[in-house]
Each structure stands twice: as C-alpha cells, then as structure tokens.
Amino acid sequence: MIKTDYGRIWSGFTPDQTRQTGSKDRINLERLGESLKTGRWRHSTAITAVLAVLVMGISSTKAQQSVDVRTDEARQFSEDFDRLTDVTERANTLLQTDDGGDITYADILTNPDDIVLNFRWAKAQLSRGDVRGASATLERILVLDPDLAPVRLYYAIVLYRLDSLDEARAQFDQLRQMYVSPDVAADIDKYISAIERRRKRLHQSITLTMGSQIDSNRNAAPNDKEQLVTGTLTTITSSADKPRNDIAYIGALRYDVSYDLGYQEGHEIFASATGYASDQVQLDSLDLGSFSVDVGSRIRGGYWMLTPSVNQTVQSLSKEKYLTSRSGRLRMDWNPRPFFNLNGEVSYADERYQNTSESSALRLHSGQRYGSRLGTNYTWNPNNRTTFNLSAGKKQAARNYYSYDSLSGELIHAYLFGGGSYLSGSIRHGIDRYDDPDFLVTGNSPQHRTDRSTRTRLTYGAPLSQIMPSDLFGDSNTANQIYDLLAPVNWSITGEYLNTKSNIPNYEYHNARAQFYLTRRWEF
C-alpha cells in the first residue's frame, strides 16, 4: 500500500478544494505554487507535481477503501458470531418432532385415553411451538400410565424448556430409577448438570473459534480495473492494485460472564471480552486484529427486556493499531407472543483513528457514529425462524468527504435439522450516501459518492458427533475423554458473495468468499 502524505499535493486546486486539506497543508500548497511560477525548472517540476497528485489520489482511495472495508468486517464478525451461536444452541436443543403432524385435537376428544394418540399429539404441539400445551398433554398421559419412560423423558425436557427447573429435576430423578438405555441415562445426566448450572447465579462460558477463509478480491480492488484520480479516469496497471485472491487463518476467543441479581423477574448484569485475529497468507498489510469488551445489564419485565450496554473496541491493521472506539447501546425486546419478537436499538460510538505506516490519512476518519435498528423474529415452528432488520446510521468524520448516511435492510432465515445441524441464509442490501465530494478523486466535479452493496450468505453447520462414531477412538477412558472433548465441536461452512456498486468506479467491487470454522464452547 502506498503511503499517503497530503502535504505534497500541488497548488492547482480551487479555493474550496484547498480548504479541505487543512491550514498546514494550505501553506505547503501555496509555497509550492510560488515555486512553480518561478525558476528555470518550472515545467519539469509541474510534471512532477501532476504525478504527485495522481499518486496521492490513488493512495487516498486505497487507504479509505481499506479502512472502511476492514472496520466493517470486524464489526460484522461479532454480529455474525452472535447469530450463529444462537442458531447452534437452538439446533442442539431441538426435539425431534417428525411424527404427529397429522393429529388434531378432535382426534384426542374422540379417544382421550389413547396413550399413543396423545403422545403423537404432544409432538404435534411441540412442532408448532406450543410448549405449554405439550406439557399439559404429556402430564395427562403420565396420569394414565406413570411408568412410560419415553413420555416422562419428553415431559422432563419440556419442563426444562419452560424453565421450570425444580419440576424438571424431579422428573429426571424419577427417570433415574427407571430402566433406560445407557444413551438415555447419559442424556439425563447432561440435563441434570445443565439444571444445576442454570440454578447458579454466576454463569460463565468460553467460546473458541478457529478456521480459514478464501477471498477472490481480498484487497477490494475496483471491478473494471479503472479509477478516478482528480476527475481523470485512469487504468490500474500495478498488479498489486488489481483484485487479488488470498487465504486467511482466523481465530477468535470469547469470554462471557453473567450474574443473576436475585430478582424474581431475572434481572442480570453481564460482561464479555472478545479477541479476533485474521492472518493473511500473502497480503500481510490486510492482517486484521480486534479486541472488544462489553458491559451491560438485562432488565426483564413480563413480555419485555431492556438491555443497556457499553463497549470499547481496539482494532489493528497490519499489526498496527489504527482505531479505538467507545460506544453505548440501548436495546429493547418485546415478545407479544411466544413465537413473535419485536426489537429495536439505538447506538452511539466515538471512533478515533490514528495514522499508520501504511497511510497518514486515517485520522481524517475520526468522528462520531450514530445508529438505529428495528427488527423482528418470527418462529414459524421450532425448526424455522425468520428475522428481518432495518438499520439506519450516520457517520460524522473529521472531513465531510468521509461522512455519510446509511440505510440497510437484512432478511435472515434459519432452518434447524435434527441432531443439532442447521442451515442459515441471509441477504443484506445497503446504501451509503457521502456528504461531500472528495476532490482528490472527482477533481472539479461536485459528484457525491453513493455506494449500494448487496451481501448474500449461506451457512451449514452441525456438531462433529453427527459424523464421528462414538467408538472412533476405542472404549478406554482416555478414548471416551477425547470423544467427549470433540463431539460438541460445531463445524460450519459458509459461502458469501458481496457486490458493491458505486457512482465512482474507485469503490465499485465484488468479492466471493468461502469460510470454514470449528467452534467449541465450555460452560461453567
């Protein structure tokens, strides 16, 4: 990446253009302008100055493209991480309800004492998300025949899902006294351990993610291999500035802690720390690092939850710190129905950029970021959930040609298979409109930059236990410990395509990406 230095730009700008560079740079421009008017070397120096303008324009474009794309990438990783973690947890607790879909309540009224019919009806209720109704049906079956271990197991798990931990523990204790298979006995022990963890007021977890990704255009180079420099369309000749594919190795470590304040409503405080690193194989200048800390609380009341939080994030590019961000967020969730959620949030961030050896213009991105979002989640049944988010934001930077307004919409759907596997797809479209033209790019044209980006993603994930036989490592205690360590690991593969169109060719690019992650979570 070419180093940017605005102090070497020549004086052939209009007064408005010169004003954009700052007072110190204006002095340099005026001095250089005087030197261009005198001396026998005037013509050769003018040519050199023109070349300097071209270099500065290209450098500014590359610096802005790099910082914008990488900053958004680190921010989106955290959001995507939360989303996939939620989908994974839901997939791991999903009950198999593939039968009973053709049963109606009228059938139950016809044969109220038919245990098999009632059991199928309970599964049908679960498939529609009617957990409380299924609980009542299963309880009625156990009144008719209390020795049915499969029914009692379903009933205990349903109580656990309803957060009735004491009643669920009582059912699991009764199951321990009944004849069940070793696999069921192991599941019972896991649920009892989970109940004991949920009863504790202090909850902690560590999540480790490791993987790799490959990009077709990692450096976000323009599609047409052309770009504007001071209003002149030039052809990109350097191979380093053309689209380059690359592989990156990615690692992330997250620690979460929450503490129940002891109120009946379940109010709690929480904190988390997340470290993220992406190491490029070839493009070392695009190595990305991020460390963030969140602190907040969850205030619950009936059908709603209020979540205020604060965050501090530090990011590095090419192993040099370039961004420190302090932000606050207020989120509100409302659940008018068990299957329907409305949520909204507002946020504010103070972003402080600092120059690096790769670019001396990053500080011009410093400023405030304001954001708002409205979203909804609709659970069609335990297997299917659709999410829609509408977001708006404003970035106020130190220079208005780096300030912009944004508007985006995102549609997400997740389908949960049996056994903990899932499929999640999303499409996001956004528009960014910049406040002022960047004269280093557009020259005398008053053209304001407008970007339109579309990102589509498809992810499939599952636990390793689905593809790993239980006797893979043998029957010894050591073999069982190895299996218990690896079986909960979730693997996922993601395909993504990002297409950004712009009225300025410098910022029009596309990138295809494939990712593979392994994720393991420990709770204690």
Where the centre of each part is set by its Cα atoms, how far does region 231-272 sit from region 294-327, in angstrom? 12 Å
For Ser316, distant residues with modelled amide H under 5 Å away: Gly289, Ser290, Tyr322
Beyond 32 Å between alpha-carbons counts as too far, so tell me which of Lys319/Lys395; Lys190/Lys319; Lys200/Lys395; Lys200/Lys321; Lys225/Lys321 fall in that bin. Lys190/Lys319; Lys200/Lys395; Lys200/Lys321
Along Cα→Cβ, 7 Å out, is where each label goes; now give me the distance between the ones at Ala240 and Arg199 in nm to one decimal. 6.4 nm
Kindly provide the trypsin sites (Lys or Arg not before Pro) of region 166-240 that DSSP labels as loop, not H, G, I, E or B, and whose Cβ sees at most 15 other Cβ atoms within 10 Å. Lys200, Arg201, Lys225
Scalar couplings 3J(HN,Hα) for region 160-166 by Karplus 6.51 cos²θ - 1.76 cosθ + 1.60 (θ = phi - 60°), nearest whole Hz, x for Gly and Pro, are 5, 5, 7, 6, 8, 5, 5
Under a 5 Å amide H to amide H cut-off, with H placed in plane at 1.01 Å, what residues pair with Ala397 once short-range neighbours are removed? Ser403, Tyr404
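Every number here is computed from the coordinates shown, using simple stated rules; none is lab data. As the structure is a prediction and not an experimental result, all values here were calculated from the model. We place every Cβ from the backbone using ideal geometry, glycine too, and count neighbours over all the protein chains shown.
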